[in-house]
Each structure stands twice: as structure tokens, then as C-alpha cells.
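Just below is one structure, and these are the notes that go with it.
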């Protein structure tokens with residue numbers, strides 16, 4: 001089973017709202033990732049968790065707050081977003097960080113900020 | 001400097017024909033992995049094929065094969081017997097070992113259109 005699930009599939013929120021994106025995998029992977037993808041562009045790495053610890057934050061604004069409650073779950077808390085944050089948010093996981101291990105992606109959450 | 005280059009923004013192929021999607025990369029790390037992903041309009045990134053820097057043979061997965069030319073730093077994807085369902089965006093990506101191991105670097109992508 002190489003499935004990564006993400007909820008919700010679609011999300012519309014106002015600039016004053018607080019919402020959360022959720023990601024789950026049951027492959028025993030110890031590295032999990034959040035990516036942001038704008039239309040017609042490649043994914044951009046936001047955060048990496050390794051063994052439930054934040055290991056990379058790609059200078060993401062503080063209105064995005066990641067959380068890894070356990071080895072299977074990854075959340076992205078959203079607060080006071082801007083319209084330019086509208087994008088597809090992809091979660092991914094991999095067994096660990098070694099170069100020969102592929103990442104498996106979830107279906108993404110399409111976020112629209114009004 | 002761009003580490004992954006995909007020079008074909010869009011490609012057309014006739015159904016049942018083969019197509020090659022180009023990818024060149026740049027790294028000084030001797031240990032790296034090269035990947036191809038397919039992204040349909042639904043948005044999900046689907047892993048297609050992987051090639052390790054130390055692999056001697058080109059990777060193959062069903063209708064997908066990776067033409068790995070290490071000296072030229074190229075990792076082209078070949079799709080044989082194209083199907084209408086192959087119409088999608090295709091991304092070439094690289095993961096470097098060592099400190100860069102957590103990061104996957106993506107190319108700009110190639111949009112493939114399969115014609116009936």
C-alpha cells in the first residue's frame with residue numbers, strides 16, 4: 001500500500017479564518033513533507049519532518065504552521081492567509097531521507113483564499 | 001543555477017506511438033536519485049520510475065523506461081505505446097545524498113498531449 005491521504009480535497013477560506021490541512025500515511029515512512037504548488041509550476045518544498053522532528057523549513061511565513069503529532073500524521077495549520085497563498089498543497093512521505101528513496105504524494109488539497 | 005532542466009514545455013504524440021521527454025540535471029554529488037512523476041489534471045503526483053546514480057542499467061517500469069546517460073547528465077523518460085490517459089504534466093526530479101537528502105528538486109515540467 002503506497003497511499004498517502006489528504007483532507008480536505010478542497011478548501012475555501014477567508015483571510016481571517018483558521019483552518020488545518022491533514023495528511024496521513026500508514027507505510028511506516030519516517031520522513032514527511034509539505035509542498036505548495038501554483039498552477040503550471042513545479043511543487044515547492046515548504047517543510048520536512050524526519051522522525052517527527054521538523055528538519056527543514058524553507059523560510060515559510062509564520063501564517064503556515066506545521067505539526068507532526070505522530071509518525072503517521074502531518075498537519076498544516078493555516079491562519080491569516082493571503083490570496084496569493086491559494087494553491088495546491090501536496091503532502092508526501094518517504095521511508096527516510098536517503099537519495100534513492102522515492103517520495104509518495106497524496107492527492108493534494110486545493111486551497112482558495114478569498 | 002537550475003539543477004533540473006526540462007526544455008520541452010509541451011509535447012504532442014499520436015496514440016500508440018512512443019515519446020521521449022527530455023531531462024538534464026546538474027550535481028556534484030556522486031550519490032543521487034533521479035525520478036519521474038506524472039501529474040494529471042486531478043493534481044496527484046504519481047511516481048513513475050526511479051534511477052540511482054550508481055545503477056548500471058537503465059530503469060524500466062512497464063511502458064516507462066529511463067534513458068540514463070550519466071556522462072551527459074541526462075535522464076530522459078521514454079513512454080512506449082502512448083495511451084490517451086498518458087496526457088498529463090510530467091516532472092523530472094532529483095534527490096541528492098548527504099545534506100541535500102531531504103530535498104527533491106523538480107524541473108519545470110513537460111505537458112504531454114496524446115492525440116487519438
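Computed from the coordinates by the stated procedures, all read-outs in this text should not be read as laboratory data. None of the values given here were measured: they were computed from a predicted structure. Virtual Cβ from ideal backbone geometry, glycine too; neighbours counted across all protein chains shown.
The table below lists the values:
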item	result
Value of relative contact order over segment A:1-68, rounded to a whole percent, pairs C-alpha under 8 Å and six or more apart	21 percent
Ranking of B:27, A:16 by count of other Cβ atoms within 10 Å, fewest first	A:16, B:27
Cα convex hull of chain B, projected area averaged across orientations, nm²	7.1 nm²
For segment A:70-114, average projected area of the Cα convex hull in nm²	4.2 nm²
Euclidean distance between Cα centres, segment B:38-81 to segment A:21-50, Å	21 Å
For segment B:1-41, the Rg and Dmax computed from alpha carbons only, in angstrom	13.4, 39
P(r), alpha carbons of segment B:36-92 - 5 Å bins starting at zero, rounded %	4, 18, 28, 24, 14, 8, 3, 0
Volume of the Cα convex hull of chain A, divided per residue and given in Å³	97 Å³
Dimensionless Rg ratio for the protein assembly as shown, taking C-alpha atoms and the 2.2 N^0.38 Å reference	1.02
For A:24, A:3, A:52, order by how many other beta-carbon atoms lie within 10 Å, fewest first	A:3, A:52, A:24
Inter-chain shielding of B:44-54 (mean C-beta neighbours from other protein chains, 10 Å cut-off)	4
Average partner coverage of A:39-52, which counts Cβ from other chains inside 10 Å	3
For chain A: relative contact order, % (alpha-carbon pairs under 8 angstrom, 6 or more apart)	37 percent
